[in-house]
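Right, one structure below, let's go through it.
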Amino acid sequence: MPFNGRDTTGWRFAGHVKRNHWTVGAASLDPADPKKLVAAPGGSDLVSPGIVGANIVTEQSFGDAVIELDVMIPAESNSGIFVMGEYEVQVLDDPAAKADAPTNMDSGAIVGVSPPRTLVPLKAGAWHHYVIDFAAPRFDAAGKKIAEARFMRISIDGQVVQENVTVAEPTPSNLTGEEHPTGPLMLQGAEGPVAYRNIVVTPR
């Protein structure tokens, strides 16, 4: 389990590191502003309550894996789950999103690649459960890529939003822009307040 529920041991920061807001506490909506999160002392959630902050990255790397985690955002906030640091699964509350015509930027999208087949709204201040079954890209002995990265399945709160989707290259806002056999998990804190908990990565 990459997150111990106590501190950020085993993680590093990337992006706007001088604006890092990540802390551990009990996440909830700010009673005075539904577009903000607060992190009360004593909790075990990984929280970035700032508007623009750093991304947080595991020191451990993974290849083929099933990633499970819970996420909370306030109203109209934006985050992302970057598998291997390079391929983003969208976390977003967009009041303009259309359930009958989701885009590749809506919640559950593989950003810029594939819209969710079902739009699962992320209710502000509530915890939502993501399960991401991922197959890493393959490389031959010379380092040439011979198979694309593939999302076998993604579900949000038990509803399947992606299935058997290949990704030819890193999505925008990635960690390095490079593809490798393994990579870290990166959680985005650069686009808005967000909290994560129960982060489990199971290699397969």
In Å², nearest 10: area of Phe139 left accessible to a 1.4 Å probe: 60
Magnitude of the charge dipole, the chain, Cβ model with Lys/Arg +1 and Asp/Glu -1, debye to 20: 240
Leu92 long-range amide H proximity, modeled H, under 5 Å: Ser79, Ser107, Gly108
Scaled radius of gyration (Cα, divided by 2.2 N^0.38 Å) that the range 78-165 gives: 1.16
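How would you classify the range 1-118 from its alpha-carbon gyration tensor, with a ≥ b ≥ c the square roots of the eigenvalues: rounded for a/c under 1.5, else prolate if a/b is greater than b/c, otherwise oblate? If you can, show how the numbers build up before the last one.
Values: a/c = 1.90, a/b = 1.18, b/c = 1.61.
Verdict is oblate for the range 1-118.
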Separation of alpha-carbon centers, the range 130-204 and the range 27-97, rounded to whole Å: 15
FRET efficiency, 1/(1 + (r/R0)^6) with R0 35 Å, evaluated for Asn104 and Asn4 via beta carbons: 0.55
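Carbon and sulfur atoms: what percent of the 1.4 Å accessible area of the range 129-204 do they account for?
Numbers: 1700 of 3530 Å².
Within the range 129-204, the accessible surface is 48 percent carbon and sulfur.
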Listed residues Gly10, Gly53, Ile73: farthest to the positive end of the dipole of the range 1-99 (Cβ charges): Gly53
Alpha-carbon spread of the range 104-144, three principal axes, descending order, Å: 47, 19, 15
Point-to-point label distance, Lys35-Thr202, nm (Cα→Cβ direction, 7 Å offset): 3.9
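Using the 2.2 N^0.38 Å rule of thumb for compact globular proteins, work out how the chain stacks up: its C-alpha Rg over that value, please. Before the final figure, lay out each step's value.
Working: Rg = 16.0 Å, N = 204, 2.2 N^0.38 = 16.6 Å.
Scaled against compact globular proteins, the figure is 0.97.
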Residues of the chain: accessible area per residue with a 1.4 Å probe, Å²: 45
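The values are calculated or read from the model by the stated rules, or taken from the named source; none is laboratory data. Computed from a predicted model, the values in this text were never measured in an experiment. Ideal geometry is used to build each Cβ from the backbone, glycine not excepted, and the neighbour counts take in all protein chains shown. Each accessible area value is taken on the protein alone, full model and side chains, heavy atoms only, with ligands, DNA and RNA left out. Shrake-Rupley method; radii C 1.70, N 1.55, O 1.52, S 1.80 Å.
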